[in-house]
């Protein structure tokens, strides 16, 4: 059986080479993300669903364009991701790779895409290096990044009166970056950081750290962590009565799927930044209603919405250019203003950063929630031009 | 306010208590592993997955059957225990005559399957589970706010651990169990059904993991991977304690919880590694573990 | 626990030479039919699995923490090549040396116990190393070390070309493989087997068992490091997943599928497992479940592995 699998794989690769010649004339979109582990809920199958919806809404079939969407699971392993990407570009004639959560994999594919001179639209990865020192003429970073989340949440909270902060930081590069970016904006806006504690990644129990946060008497506890760590710290903060005691929690990287996992009873009052909320307007609601049945009844996360928006804009650029040549399409995408039902109007900057409005949201109380997935109150809208890191500060060599 | 190394004594008490609570989970899990290892000579790598299953059963009961936490506390260990019994009867049974490493590999594979299936079905970000209404709120102890639920965890797990110890070390049933590990043929000669006893022991050890899972559900995130990393820490706890004694695994579990808790105050960066560092030190001086006997 | 190799006989050596020739032909001609980057990865992991197999198959020690050597060497090699500007051969050497040192340190601790204890201790040590790399600034945390230059081999041969890189990996793989092959058949290898079969007896014959075990452990660690360092150059990156315990589990799977204690088994196992990882990836979802299922099937019904079964059919060790 195992040998057969091996042979099957070999045959699949061989076949790939064979139909390579007829692949021209087809626009092949490869959705590459985590489908089996930590980030499967924020991107995963849902991102592929979103990509297919974008192809459909663009009306590719009517316009006589052949568009094909394929997907793969990179298992959060950069080698696997990079091997699939190379094979996609070289053998399967994939024209553009989208999504790719997990910074290490996204950075690796950023590199491969540049080497093979194709196109890469990032939605799932958070690292702002993609439009900073690692920026590339072949890459656009679509949905969000760490800088934007930290600054959006940090400045908005300080402006509404949360002056003193205590950080709960995941002790690795990603957590440090979130903490640094947020602290910078907190201090700049006249706030004060009373203390911080570094917790190890995947620390099951946060009560010890939460007690330290509690005794600091800070108004806001900033959670510079992600995923399971954020969920566990919020859950235990509610248990230890931090929110009841008058302290507020600010999440630096939270998705709607996390809120769904926590339940409103635990998550209520949490403040963070998102670039997409399904219940924001009629267009987003219409999209979500079509999306949910195709994805186990779940509402789209901002990452999945970003995949939709990115693919749509990509196809528009290809149509305008009548070519699917990687860097040319990316250049065209930067030139054309963006407009879609989910993110509204925006543009793509020279450093590859797509900019659009961001929203500071607060999680509703259970009593305020009227229907399933009715989770957020939008507290503030951060205009596109302010939401993201100024082009000059990123250190991207493409910006002159 | 008095201080120890710059930390107020009162805060220190709080941290000690919290360490003890975390220790309860280590103790319950390492106890289950120790019981299974003692009788079956198998390192149960599926333990983390079974802990997770316990939490999920609690969630099922609440959301599909409307049965709350207290029901879960009884039903989940039995349900997951039965799952364990099936595994023992159909798979593990075939491995007793082979090198013990095969048991480790089999249970590792099972853990991958179980976690994978749950992840496919329920996603990776987890499911909500609240603290039972009888145990919400907490006590202001002067030096800290102690949630009632945490107090319950510590008391209940102590009771479970000590009763297990009592049954195995002090009762007739326990003496059969212990004898069966030493010399199964002889015990069989006394007319005792040794294979059934082994099966039930595995089921019991697995049930302990599930019980820990139910207890974890209201405070930790209920997600398919919740036991995946925890199990490695518990392995280290077991290595430190040594596999020889039931009491050893209980004492080490609680003790290491406290040490880890203190590390979180004085040097939080090392709180994930401190148990492994202790393990290295213990191995240097007592390769068989603190309470273990070399075999 | 696995097929026992009796004393060398000429016929067997002949059989193994044929197998060696087949393997060589596969990797030389493979790129004609398969994607070269994939094959390079297969070679790196085949070497890793062979090094791991030296310990489990020929000394009877199951390490559940071998990822620490693969990952350490990868990080050191990537760092040396990127930040210190080492040429590729020196970077690989640096990575391999780092794995060797780590092997000595962890080996001194781990070989004090056997069997299941040994497995748990190596797992715990590897987890400790994992947390170290997660927090250490030079590894870049979740980002990893990216865009590592492949550089010029000996300052002359440009490795950014796929084929020169392929040839380099092939040479490294064959070198490592032959070294393991020689080790197994040397008097040293015979002592290791004696220890596996009956440790007490080996001790009573006057062998310092612990020193032999440590030596085997360090050789295994070093060669795993060689694999990890080479892999880092192939993919031009080093990241956390190669230090994670999942990787330690994967190498056990490769060896188990191919055949514990066989010479060629780990190579076949690496090919099968990686092909699955790549091929199933496009089907979504089922990679970890499939891996788990294969573990279970192998342990319950297929303990000899692919090459082990083949060897049984032709009644010759492979």
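No lab work stands behind these numbers, since they all come straight from the coordinates. What you see is a predicted model, and the numbers here were worked out from it, not measured in a lab. When we count neighbours, we look across all protein chains shown, and the Cβ atoms used for this are built from the backbone with ideal geometry, even at glycine.
With Cα atoms defining each centre, the range A:40-72 and the range B:175-245 are spaced 48 Å apart in the structure. As a proxy for reagent exposure, C:226, B:127 were ordered by neighbouring Cβ count within 10 angstrom, fewest first; the result is B:127, C:226.
Between 0 and 90 degrees, the angle of helix A:2-18 with respect to the longest Cα principal axis of chain A falls at about 60 degrees.
Within 10 Å, count the other beta carbons around each residue, average over each peptide in A:46-56, A:387-397, and list them highest first.
Values: A:46-56: 24.5, A:387-397: 17.1.
Going from most to least packed, we get A:46-56, A:387-397.
Using a 10 Å cut-off around each Cβ, can you sort B:181, A:102, C:106, B:273 from fewest to most neighbouring Cβ atoms? List each step's numbers first, then the result.
Numbers: B:181 16, A:102 30, C:106 24, B:273 21.
Sorted ascending by nearby Cβ count, the order is B:181, B:273, C:106, A:102.
Remark: spin-label model distance residue B:188-residue A:321 equals 7.4 nm, labels positioned 7 Å along the Cα→Cβ axis.
Averaging the sequence gap over all C-alpha pairs within less than 8 Å and six or more residues apart, then dividing by the number of residues, gives chain B a relative contact order of 37 percent.
Sorting B:93, A:62 on the 10 Å Cβ count, fewest up front, what's the list?
Working: B:93 15, A:62 7.
Starting with the residue having the fewest Cβ neighbours, the order is A:62, B:93.
I need the peptides B:50-57, A:185-192 ranked by packing, meaning the mean over residues of other C-beta atoms within 10 angstrom, with the highest value on top.
Values: B:50-57: 27.9, A:185-192: 16.6.
The most tightly packed comes first, giving B:50-57, A:185-192.
Per-residue mean of other chain beta-carbon atoms within 10 angstrom of the beta-carbon, peptide A:220-231?
Working: counts 0, 0, 0, 0, 0, 0, 1, 5, 9, 1, 2, 7.
Counting Cβ atoms of other protein chains within 10 Å of each residue's Cβ and averaging gives 2.
Per DSSP H run of n ≥ 4, the term is -39500 (n - 2.57); total these for chain B, divide by its residue number, and report the mean residue ellipticity at 222 nm rounded to 500 deg cm²/dmol. That calculation yields -23500 deg cm²/dmol at 222 nm. For chain A, a Gaussian network of Cα nodes joined below 10 Å ranks A:125, A:134, A:286 by mean-square fluctuation, and the top entry is A:286.
The mean sequence separation of alpha-carbon pairs under 8 Å and at least six residues apart, normalised by the residue count of chain C, gives a relative contact order of 32 percent. Each label point was placed 7 Å from the Cα along the Cα-to-Cβ direction; for residue C:204 and residue A:283 their separation is 8.5 nm.
Mind checking the mean number of beta-carbon atoms from other chains within 10 Å of the Cβ atoms in C:237-247?
Values: counts 9, 3, 11, 7, 9, 3, 0, 3, 4, 6, 1.
Partner Cβ neighbours, averaged per residue: 5.
The angle separating the long axis of helix B:69-90 from the principal Cα axis of greatest extent in chain B is about 30 degrees.
In the protein assembly as shown, what % of DSSP beta bridges are antiparallel (nearest 5)? Please report the intermediate quantities before stating the final value.
On the way: 24 of 61 bridges.
Percent antiparallel among DSSP bridges in the protein assembly as shown is about 40.
Against the longest principal axis of chain B, how steep is helix B:101-122, in degrees 0 to 90 to the nearest 10, with axes from Cα atoms? So the inclination is approximately 60 degrees. Taking Cα pairs under 8 Å and at least six residues apart, what relative contact order does the range A:94-155 come out at, in percent? Averaging sequence separation for qualifying contacts and normalising by length gives 32 percent for the range A:94-155.
Mean residue ellipticity at 222 nm from the helices of chain A, using -39,500 (n - 2.57) per DSSP H segment of n ≥ 4 over the full residue count, to the nearest 500 deg cm²/dmol? Provide the component values of the computation, followed by the final result.
On the way: 14 runs with 166 residues, N = 400.
Mean residue ellipticity at 222 nm (helix-derived): -13000 deg cm²/dmol.
Shielding by partners for peptide B:278-284, expressed as the average number of C-beta atoms from other protein chains within 10 Å of each residue's C-beta, is 4. Over the protein assembly as shown, the pair-distance histogram of Cα-Cα distances with 10 Å bins from zero comes to 2, 11, 21, 24, 21, 14, 6, 1, 0 percent, rounded to whole numbers.
Set the Förster distance to 41 Å, then compute FRET efficiency between residue C:315 and residue C:163 from the Cβ-Cβ distance, nearest 0.05.
Values: r = 40 Å, r/R0 = 0.97.
With a Förster radius of 41 Å, E is 0.55.
From most to least packed by mean Cβ count within 10 Å, the peptides C:256-264, C:241-249, C:288-296, B:138-146 give C:256-264, C:241-249, C:288-296, B:138-146.
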